[in-house]
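Just so it is clear, none of the values below were taken in a lab; they were calculated from the coordinates. The shown structure was predicted, so the numbers you read here are calculated from the model rather than taken from an experiment. As a convention, Cβ positions derive from the backbone with ideal geometry for all residues, glycine included, and neighbour counts pool all protein chains shown.
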Amino acid sequence: MRHSISHRHDGMPPLVINRTDNSPMILVPEGDSTMGDERDPDAPSHTVYLDTYYIGMYAVTNHQYKQFVDETGHRQPNQGAWIDAVSVWKDGSFPAEYADHPVVCISWDDASAYAEWAGCRLPTEAEWEKAARGPQGFSYPWGDSWDESKCQNRAHRAGEPTCPVYALPEGVSGYGTFNQSGNVYEWCADYEGEIYPAGGIRHNPAGPETGSLRHDRGSCWRYGDSRSFRATSRNTSMPGARNDFRGFRLVKDINSQGQKRININ
């Protein structure tokens with residue numbers, strides 16, 4: 001495994017715990033990173049500059065989402081249109097045996113509401129991709145070559161559709177994030193826009209202000225084609241979609257309150 005969370009940046013801790021939901025969050029330092037590649041619809045490869053941020057080590061789990069529902073009265077996850085994942089809340093029942101699996105069957109608005117409750121937000125496409133590619137800028141979180149054994153996918157499911165958010169450590173990114181390739185797609189903040197426009201925003205790009213579709217990233221357990229699992233691969237969905245192959249992870253700005261510092265030697 002290639003973890004870089006032992007390194008500090010400008011005195012900021014490499015790992016913090018979000019107080020509201022106890023999500024471990026990893027520091028991604030400011031700087032240039034490569035986004036996209038030369039294959040449509042991910043072209044062109046270009047450089048963006050992102051300010052420092054924290055991103056969830058894991059996707060949000062069923063256990064964490066239950067806390068959110070219990071405390072706020074927010075609606076429970078829906079079963080969605082396709083129900084194969086065993087970790088869904090069938091008949092409104094919390095799946096206790098799958099508490100550590102990523103929550104699925106939630107819309108973009110559901111994910112955004114959770115993020116606001118947790119004192120965080122959804123990642124932009126650029127933030128999500130930088131974390132997934134790691135400081136080395138790999139095509140996949142673990143490297144430049146496809147390896148189906150390092151992520152949850154159609155050919156490698158370990159017996160069930162989804163897996164615990166901490167599973168498959170051999171597929172961890174260079175920053176230390178888990179399952180950014182496979183397991184479940186993850187909602188991003190951005191609306192769908194043009195294919196990376198020439199002369200577009202290069203500092204903290206966040207996509208267009210309006211639109212009808214939202215981006216989601218990372219592919220999922222339903223698919224097996226190597227291309228969709230690349231860190232650069234883009235996907236869009238209707239923001240109201242609540243399927244059993246899509247979840248989310250959080251981002252926290254460095255000036256946010258409500259986090260506990262964790263010292264790692």
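Kindly put Glu125, Glu38 in sequence by how many other C-beta atoms sit within 10 Å of each C-beta, fewest to most. Present the calculation step by step, with values, prior to reporting the outcome.
Details: Glu125 24, Glu38 9.
By the 10 Å Cβ count, ascending, the order reads Glu38, Glu125.
Within a 10 angstrom radius of the beta carbon, how do Arg217, Arg19 rank from fewest other beta carbons to most?
Numbers: Arg217 24, Arg19 13.
Least crowded to most crowded, the residues run Arg19, Arg217.
Counting only DSSP beta bridges with both residues in the chain, tell me the antiparallel percent, nearest 5. All intermediate terms of the calculation are to be shown ahead of the outcome.
Values: 30 of 33 bridges.
DSSP beta bridges in the chain are roughly 90 percent antiparallel.
Please compute the length gained on full extension between Asp91 and Asp40, using 0.36 nm multiplied by the number of residues separating them and subtracting their Cα-Cα distance. Intermediate values should be presented prior to the final figure.
Working: separation 51, 0.36 × 51 = 18.36 nm, distance 4.08 nm.
Going from the current span to full extension adds 14.3 nm.
Return, ordered by residue number, the residues of region 39-66 whose backbone nitrogen is under 20 Å from a label point located 7 Å along Cα→Cβ of Asp144.
Within reach of a label on Asp144, which here means backbone N under 20 Å from a point 7 Å along Cα→Cβ, region 39-66 contributes 39-40, 42-48.
What does the charge add up to near Phe229, with Lys and Arg as +1, Asp and Glu as -1, over the other residues with Cβ less than 12 Å from its Cβ?
Values: positive: Lys150, Arg154, Arg217, Arg222, Arg227, Arg230; negative: Asp147, Glu148, Asp225.
My count for the surroundings of Phe229 gives +3.
Could you give the length gained on full extension between Glu194 and Asp100, defined as 0.36 nm per residue of separation minus the Cα-Cα distance, in nm? Mind showing how you got there, number by number?
Details: separation 94, 0.36 × 94 = 33.84 nm, distance 3.63 nm.
Between Glu194 and Asp100, full extension yields 30.2 nm more.
Number of Lys pairs in region 15-262 with C-alpha atoms less than 23 angstrom apart, excluding same-chain neighbours closer than eight positions?
Details: Lys66/Lys90; Lys66/Lys252; Lys66/Lys260; Lys130/Lys150; Lys130/Lys252; Lys252/Lys260.
Taking the Cα cut-off of 23 Å, the pair count is 6.
Quick one: longest stretch of the chain between exposed loop chymotrypsin sites (Phe, Trp or Tyr not before Pro), exposed meaning at most 15 other C-beta atoms within 10 Å and loop per DSSP?
Numbers: sites that count: Trp82, Tyr166.
Longest stretch, sites excluded: 167-265.
If you build a Gaussian network model of the chain, linking Cα atoms that sit under 10 Å apart, which residue out of Ile55, Ile201, Ile106 swings the most?
Highest fluctuation among the options: Ile201.
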